[in-house]
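Worksheet for the structure shown next.
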Amino acid sequence: MTRKPQMASCQLLRLAAAATAVTSPLTPLSVGRARRRRFSVAARLLVVVDHHTTYPTDDAVRHPLKPAASTFFPRAPTWIGEMGWKGILGFDHGVVQAPLGPDISGPELAAAVANAGGIGFLRLPDWPAPDRVRDLIRRTRSLTGKPFGAAIVLAFPHEENLRVVLEEKLAVLQVYWGEFPRERVDEAHLAGVKVLHQVGSFEEAAKAKEAGVDGIIVQGREAGGHVIGQEGLLPLLPRVVDLVSDTGISVIAAGGIVDGRGYAAALALGAQGVCLGTRFLTTEESFAHPLYKKRLIEINCTDYTNVFGRARWPGAPQRVLKTTFYDQWKNLPEQETEENQPIIGHTIIHGVHRDIRRFAGTVPNATTTGDIDSMVMYAGQGVGLITEIIPASEVVKRNGRLVKAPDPMTQVAINGWPGW
Ligand SMILES: Cc1cc2nc3c(=O)[nH]c(=O)nc-3n(C[C@H](O)[C@H](O)[C@H](O)COP(=O)(O)O)c2cc1C
């Protein structure tokens with residue numbers, strides 16, 4: 001155990017308070033108010049700046065350090081509330097479970113997230129399968145009475161599946177990798193379905209705004225799975241926040257976020273919610289193969305590549321776990337694709353039996369057999385923060401704990417730094 005976090009917190013706090021003092025000239029009458037304001041600003045700075053200290057990972061609910069924040073914040077402001085958290089799209093939380101293809105986020109995961117107050121998404125098939133979609137929705141409804149959503153990838157056939165989502169009046173539809181213009185958004189709204197568009201650039205966000213979506217998920221390059229843009233979340237997110245500031249569109253941050261610290265940072269940048277993929281992938285309810293989950297715990301590094309799925313989905317780079325197999329093949333010549341490669345396993349995706357060839361873009365699910373370690377394993381840059389497989393409800397709870405505290409600094413004094 002080390003005392004470093006506590007020391008660093010105090011020093012940073014003093015520094016931050018001093019810095020704000022320099023920029024805030026005081027009159028004698030305003031001293032009390034200004035001091036409280038300085039502490040408020042210092043608190044905001046602290047929550048972002050303090051990340052470089054040696055904190056444990058997200059299983060550290062047991063962490064023994066308890067910075068005596070109440071000493072410094074005797075009348076701590078509800079700064080998280082000021083930063084905009086109040087749940088989004090009518091849900092209790094701003095915690096969104098990213099859709100995880102091709103079938104990793106199924107009924108069990110989406111329902112567990114919904115039951116915990118988060119926004120759970122079913123990932124629908126990439127081919128016309130309306131009966132399957134209806135069945136997924138029915139199974140999810142048997143597991144939760146709470147609202148949930150479904151997701152489609154616009155680059156693949158989706159019309160028939162989308163029709164079922166509207167007929168079944170799901171709470172929310174997530175779309176990714178393609179155009180979803182105003183007519184389509186209006187159609188969803190007519191059916192009472194809200195629309196979230198995941199984007200990877202300012203230009204894409206501007207189109208989504210124009211289309212009248214309810215929320216924009218801003219995906220940074222840190223994200224796991226397929227990555228549509230080039231920019232990091234830190235610079236892109238506030239630009240999108242500014243872009244939609246004259247609308248009621250919710251902005252949700254995606255990429256590398258694992259716990260309450262990431263959530264707080266996203267809120268500080270102006271987002272209202274966070275979308276977690278890799279963290280939900282590594283839960284008990286995710287349909288990922290147990291060996292894939294194990295590797296997510298063991299390996300801390302990822303890479304941005306296009307080694308996998310080149311034939312099926314060209315021009316769609318991915319962030320993957322740096323497995324031994326990936327390291328061996330990361331310089332795969334451009335002309336090579338998964339076509340004409342040996343079959344290394346078999347799987348059932350949404351009820352359909354398939355072969356898996358080497359370099360295919362299909363992650364191993366719970367039905368997959370064969371050489372699992374030679375299959376693609378998508379993961380975001382936050383994977384190094386994930387040290388255990390936990391229930392999905394726990395992910396929602398650990399993220400929500402930070403933002404739900406009416407007086408977070410008091411909570412810090414009681415529980416230690418929250419959200420881990
Ligand atoms: C295994 C895996 C599968 C994914 N599949 C999809 C998908 O089908 N549709 C989609 O919109 N995003 C998908 N994503 C990306 C997520 O929506 C999200 O942007 C990303 O997970 C956020 O970064 P994080 O993984 O660091 O939390 C996937 C991500 C992972 C890790």
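Need the C-alpha centroid separation for segment 216-280 versus segment 313-365, integer Å.
Between the Cα centres of segment 216-280 and segment 313-365 lies a distance of 28 Å.
How many nm is it between the label spots at Glu203 and Thr367, if each spot is 7 Å from the Cα in line with the beta carbon?
3.9
Using 0.36 nm per residue of separation minus the Cα-Cα distance, give me the extension gain between Trp127 and Asp355 in nm, one decimal.
Extending this stretch completely gives an extra 80.4 nm.
For the pair Arg163 and Thr324, how long in nm is the line joining their label points, each one 7 Å along Cα→Cβ?
The two pseudo-label positions are separated by 4.9 nm.
State, to one decimal in nm, how far the label point of Ala311 lies from the label point of Glu179, with both points 7 Å from Cα in the Cβ direction.
3.0
Of the listed peptides 334-340, 121-127, what is their order by residue-averaged count of other C-beta atoms within 10 Å, with the highest listed first?
121-127, 334-340
All other residues with a Cβ under 11 Å from the Cβ of Ala111 taken together, and with Lys, Arg as +1 and Asp, Glu as -1, what is their net charge?
Residues near Ala111 contribute +1 overall.
Under 5 Å between amide hydrogens, which residues at least 5 positions from Tyr378 or on another chain qualify, with H placed 1.01 Å from N in the peptide plane?
Excluding prolines and chain starts, which carry no amide H, the hits are Leu321.
Readers should treat all values here as calculations from the given coordinates under stated rules, not as data from a laboratory. The model shown is predicted, which means the values in this text are computed figures rather than measured ones. Glycine gets a Cβ as well: all are built from the backbone with ideal geometry, and neighbour counts include every protein chain shown.
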